[in-house]
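What follows is a set of notes on a single structure, which appears directly below.
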Amino acid sequence: MNYRPLVVIPCRMGATRLPGKPLADIAGRPMIWHVWHQLSTLSGIDLIVACDDQRIIDALPPQATCVLTTECHAGTDRVAQAVALFDPDKKHDVVINVQGDMPLLYAPAVLMLANLFKNPAIQMGTILAPLVDGELELKSVVKAECSQRDGAFFCHDFWRQPQDFPADHQLFHHIGIYGFRRELLDQYVTWPAAEREKERSLEQLRALDKGVEIWGVFVEDGSFLSVDTPADLTLANHRVSPLRQAL
């Protein structure tokens, strides 16, 4: 078994709000290039791109490892399919799913999440960030309700709309990056969507409702802007630093 984490970037051309999103231009480079480049600077991981279109592969450098997948219901399904194709012998025990629409990704957070799995009891993990002013009321911002245990954060629930929660719990901005044990990932994609998952449009509730514990690592700083709309794309271009533009 290889305990070197396998990081997978799922992406597709058919996003409804921003068609062709992986190839959207940010400072002269396609969005997927920015995500891949950030993660390619990390040591101690293996990295692949899981995509549905040859044009995405062509937009990346020759050294990028890409897996062409078929039509998938969700990003996690694409990740599982790509992992099965790339690693049929199941040499990788930990898989990290990093969305392909985070061009300003704070890559060290991915290593923090991977390190969580050094604890053999951890089956699933994610990333937490501070809630800033106004985000509590925003439906677009997913909130993670957590309590601190043994130096990490145990995730009790995830929601979009404000709701009551115990006084000893803390709220965080949930970042949609997930880590899975390989065995759990293979099981996860076979489970039907849970009712709460459908109601809140939050697929991680499928795991909670199956009794899977989700643990979080907290990242104080770093950008995790997800580009879903033309307005997000404009914002991403404004935030790209002169250094990144020179790459």
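Being of a type in the set (Val, Ile, Thr) and under 25 Å from residue 206 (Cα atoms): is that true of residue 94 here? Considered against the rule, which asks whether it is of a type in the set (Val, Ile, Thr) and under 25 Å from residue 206 (Cα atoms), residue 94 comes out as yes. Of the helices (runs of 4 or more DSSP H) lying entirely inside the range 45-138, the ones with 3 or more residues being assigned by TED's automatic domain parsing to the domain that holds residue 6 and either at pLDDT below 95 or of a type in the set (Ser, Thr, Tyr) (or both) are found at 75-86.
Restricted to the range 40-71, and to residues there that are under 19 Å from residue 186 (Cα atoms) and among the β-branched types (Val, Ile, Thr), the residue that is farthest from the chain's Cα centre (by Cα) is 70. Close Cβ contacts (under 8 Å, 6 or more residues apart or on different chains) running from residues in the range 179-191 that are within 13 Å of residue 117 (Cα to Cα) to residues that are hydroxyl-bearing (Ser, Thr, Tyr) comprise 179/126; 180/188. Screening the candidates 150, 221 for the property of being at positive phi and of a type outside the set (Gly, Ala, Ser) yields one hit, 150.
Of all the listed residues (109, 84, 74, 121), the sole one being under 17 Å from the mean Cα position of the chain (by Cα) and either closer than 18 Å to residue 187 by Cβ or among the hydroxyl-bearing types (Ser, Thr, Tyr) (or both) is 74.
Residues checked against (1) in contact (Cβ under 8 Å) with a residue 12 or more places away in the chain; (2) buried (at least 23 other Cβ atoms within 10 Å of the Cβ); (3) polar (S, T, N, Q):
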residue	(1), (2), (3)
27	yes, no, no
36	yes, yes, no
56	yes, yes, no
64	yes, no, no
79	yes, yes, no
88	no, no, no
98	yes, yes, no
102	yes, yes, no
105	yes, yes, no
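For the range 184-201, a tally of residues being of a type in the set (Asp, Glu) and more than 18 Å from the chain's Cα centre (by Cα) returns 2. The residue of the range 191-235 that is surrounded by the fewest Cβ atoms within 10 Å (Cβ to Cβ), among those that are among the β-branched types (Val, Ile, Thr) and at pLDDT 90 or above, is 234. Can you find, within the range 162-190, the residue that is surrounded by the most Cβ atoms within 10 Å (Cβ to Cβ) among those that are of a type in the set (Phe, Trp, Tyr) and more than 19 Å from residue 102 (Cβ to Cβ)? Filtering the range 162-190 for residues that are of a type in the set (Phe, Trp, Tyr) and more than 19 Å from residue 102 (Cβ to Cβ), the one surrounded by the most Cβ atoms within 10 Å (Cβ to Cβ) comes out as 188.
Restricting 94, 83, 132 to those that are closer than 30 Å to residue 235 by Cα and either of a type in the set (Val, Ile, Thr) or out of contact with any His (no Cβ under 8 Å at 6 or more places or on another chain) (or both) reduces the list to 132.
The values are calculated or read from the model by the stated rules, or taken from the named source; none is laboratory data. Keep in mind the model is a prediction, meaning the values are calculated, not measured. Positions of Cβ are backbone-derived with ideal geometry, glycine not excepted, and every protein chain shown enters the neighbour counts.
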